[in-house]
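Structure, as structure tokens:
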Amino acid sequence: MSTARFSRFGFILAAVGSAVGLGNIWKFPYVTGEYGGGAFVLVYLLTALFIGVFILIAELLIGKLGQSDAVSMFENLAVKKKNIWKYAGFIAIVPLIILSYYSVVIGWIFHYIAISFQSLPSTVEESKNIFMSLLTSDLQTQLMYHTVVFVLVTSIILKGIKDGIEKINKILMPLLALILTILFVYSISVDSFSKAASFMFNADFTKLSSEAVIVAIGQAFYTLSLGMGIIITYAASLPKKVNIVKSSLLIAVIDTLVALVAGLIIFTLLFDKGAESTKGAGLVFISLPSVFYEFGSIGSTLAILFFVAIAFAGITSAISMLEPMVSYFVNRFNYSRVKAALICSIFFYVLGIAALLSNITDYSPMLMVGDKNLFDWLDFVSSTILVPLGGILVVVFVGHFMDKEKINAELIPLLGTAFTKIWFFMVRYIIPMALIIVILNETGLFKF
Ligand code: PHE
């Protein structure tokens, strides 16, 4: 790789920065609400630990042994040369597709930071009107913030691994931890904290469906940024002496902790004001703003802290989505980082504009295919089909097509022979099957 390597701490922060994103703070609480609280949380913990950590180890292995960009590593590490694996590395395009709409959402968050400084909506109705008018008619504001995100992430990625990615994560991640701690301590002091805790940790298995298990697997995947060449790319810049098993565990544990803490904070605030845990965008952009209002004088401070925290989490994830393709262009075509970064950023920027236009009433009929607009299609195709598909490619590749001896030489000293065997078994057979089930179910091709 042409840029300097991460420090050990810098790598963990960057990987955690990628993993902790909108998925933890926004998606985890609402899927938990929707799929029955405690039982879902337990299943999610198990999948994050077993499936998540196992694939993290696989991705760190590819990066550590491959030492290149995501596309080249698949090609170079395959045992049989002249192989089709060179195409698998193009999973690195998936995060650029995700980034198109993710950037628009980070833009909404910026707008809500501004709203929190001015005045919060006093009722859910008002809150809904504010969000819907932003979404369906305020092209200018959305475009402006999307452009701000574009400029911000491009200028960071230009500076490379050490001076760009590592540096920004070293600033934003500790700040994020601080803000979440403040919000968490505050929510412990609120009466409904115990109600939130029992909602999240009392497992009622009668509420658990097979659908919930599948959603939990999908969520564990998305939230750990797996199957997209991201962790693989970061791992290629790992410092030489890093224990990849410990690092994988640490990344998964921190990411999960953030999701749990965010869930506890959000449910405490919602329950305290008797608000609903609405689906999707509604939770963060409709329910919570009016809940913050009801907290009176401290409400706008809570709102500012909350939205700033999500913005930080979002930006560090957004940066990680750019790096795989940037490093591919730099590595394979000898492009300067500036040129590579601009090509990738312009791609997501333009696609993002199309995505946000598809929510605007005047343009939406043109950007509608079947029952979804472009924005929803991008989210659906990338996070429910391409991400698990990328995951399958990673585990099948590592399990069946890489040099087993090389993998053993890395893993046996860390895991011992028995655990290495279990890891191989999971990666070869169980995880690919689980992921196929996820894709079949979420696309509606076959419901379990
Ligand atoms: N893991 C991030 C989150 O939880 C999402 C993400 C998706 C990050 C794709 C990188 C790539 O929000």
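The values are calculated or read from the model by the stated rules, or taken from the named source; none is laboratory data. Predicted, not measured: the structure shown is a model, and the values here were computed from it. All Cβ positions, glycine included, derive from the backbone under ideal geometry; neighbour counts span all protein chains shown. Note: accessible area is taken over every heavy atom of the protein model, side chains too, but ligands, DNA and RNA are not part of it. Shrake-Rupley method; radii C 1.70, N 1.55, O 1.52, S 1.80 Å.
With the Cα gyration tensor of region 267-384 in hand, give its eigenvalues times 5 under a square root as the equivalent ellipsoid semi-axes, listed largest first in whole angstrom. Numbers along the way, then the final one.
On the way: eigenvalues 241, 93, 28 Å².
Rounded to whole Å, the semi-axes are 35, 22, 12.
Comparing Ile179, Ile412, Ile12 in a Gaussian network model of the chain, where Cα atoms under 10 Å apart are tied by springs, the biggest mean-square fluctuation is seen for Ile412. Estimated from the Cβ-Cβ distance and a Förster radius of 35 angstrom, the FRET efficiency linking His400 and Lys241 is about 0.75.
For Tyr30, Tyr328, write out the residues from largest to smallest accessible area, computed with a 1.4 angstrom probe and no ligands counted. Before the final figure, lay out the partial values.
Values: Tyr30 45, Tyr328 20 Å².
Largest accessible area first, the list is Tyr30, Tyr328.
What value, in deg cm²/dmol to 500, does the helix sum -39500 (n - 2.57) over DSSP H runs of n ≥ 4 give at 222 nm once divided by the residues of the chain? Numbers along the way, then the final one.
Values: 20 runs with 301 residues, N = 448.
Result for the chain, helices only: -22000 deg cm²/dmol.
Using a Förster distance of 30 Å, how high is the FRET efficiency between Asp163 and Ile346, based on the Cβ-Cβ distance and rounded to 0.05? Present the calculation step by step, with values, prior to reporting the outcome.
On the way: r = 22 Å, r/R0 = 0.74.
Rounded to the nearest 0.05, the efficiency is 0.85.
Can you give me the angle between helix 167-188 and the longest principal axis of the chain, using Cα atoms only, in degrees from 0 to 90, rounded to the nearest 10? That helix lies at roughly 50 degrees to the long axis.
Calculation over all alpha carbon pairs of region 12-60 in 5 angstrom steps from 0 returns a P(r) of 5, 18, 20, 27, 18, 9, 2 percent. Show log10 I(q)/I(0) for region 119-271 at q = 0.14, 0.16 Å⁻¹, two decimals, from a solvent-free Debye sum over equal Cα scatterers. Result of the Debye calculation: -1.16, -1.35.
Taking Cα atoms only, the orientation of helix 38-47 departs from the longest principal axis of the chain by about 20 degrees.
Helix 387-396 and the longest principal axis of the Cα set of the chain meet at an angle near 20°.
The dipole here belongs to the chain: it is taken about the Cα centre, uses +1 on the Cβ of Lys and Arg and -1 on the Cβ of Asp and Glu, and is about 1840 debye.
For region 89-202, the mean projected area of the C-alpha convex hull, equal to one quarter of the hull surface, is 11.1 nm².
For region 43-132, what is the charge dipole size about the Cα centre, in debye to the nearest 20, if Lys and Arg each add +1 at the Cβ and Asp and Glu each add -1 at the Cβ?
On the way: 6 positive and 5 negative charges, 119 e Å.
Value, rounded to 20: 580 debye.
At a 10 angstrom cut-off on C-beta neighbours, averaged per residue, how do the peptides 49-55, 185-191, 94-100 rank from highest to lowest?
On the way: 49-55: 22.3, 185-191: 13.7, 94-100: 25.0.
Top to bottom by mean Cβ count within 10 Å: 94-100, 49-55, 185-191.
In the structure displayed, which of Lys86/Lys372; Lys27/Lys162; Lys86/Lys404; Lys27/Lys170; Lys86/Lys339; Lys64/Lys86 lie more than 27 Å apart, Cα to Cα? Cα-Cα > 27 Å for Lys86/Lys372; Lys27/Lys162; rest within. Think of the chain as having a plus end and a minus end, set by charges on the Cβ of Lys, Arg, Asp and Glu; of Leu270, Val79, Ala48, Val79 sits farthest toward the positive end of this dipole. Protein heavy-atom accessible surface, 1.4 Å probe, per residue over the chain: 39 Å².
Among Met321, Met366, Met426, the residue with the largest mean-square fluctuation in a Gaussian network model of the chain, with springs joining Cα atoms closer than 10 Å, is Met366. Across the chain the C-alpha pair distances fall into 10 Å bins from zero in the proportions 4, 22, 32, 27, 12, 3, 0 percent. What the pair-distance distribution of region 324-448 shows, using all Cα-Cα distances binned every 10 Å from zero, is 11, 23, 26, 27, 10, 3, 0 percent. Among the trypsin sites (Lys or Arg not before Pro) in region 384-448, those placed in a DSSP loop whose Cβ has at most 13 other Cβ atoms within 10 Å are Lys447. Region 69-117 and region 19-68 have Cα centres separated by 17 Å.
What a 1.4 Å probe finds exposed on the chain is 67% carbon and sulfur by accessible area, rounded to a whole percent. Post the alpha-carbon centroid distance, region 272-346 to region 206-261, in whole angstrom. Computed from Cα coordinates, the inter-centre distance equals 18 Å. I need the Debye-formula profile for region 244-290: one equal scatterer per C-alpha, no solvent, reported as log10 I(q)/I(0) at q = 0.14, 0.18, 0.25, 0.30 1/Å, two decimals. Rounded to two decimals, the profile gives -0.45, -0.61, -0.85, -1.04.
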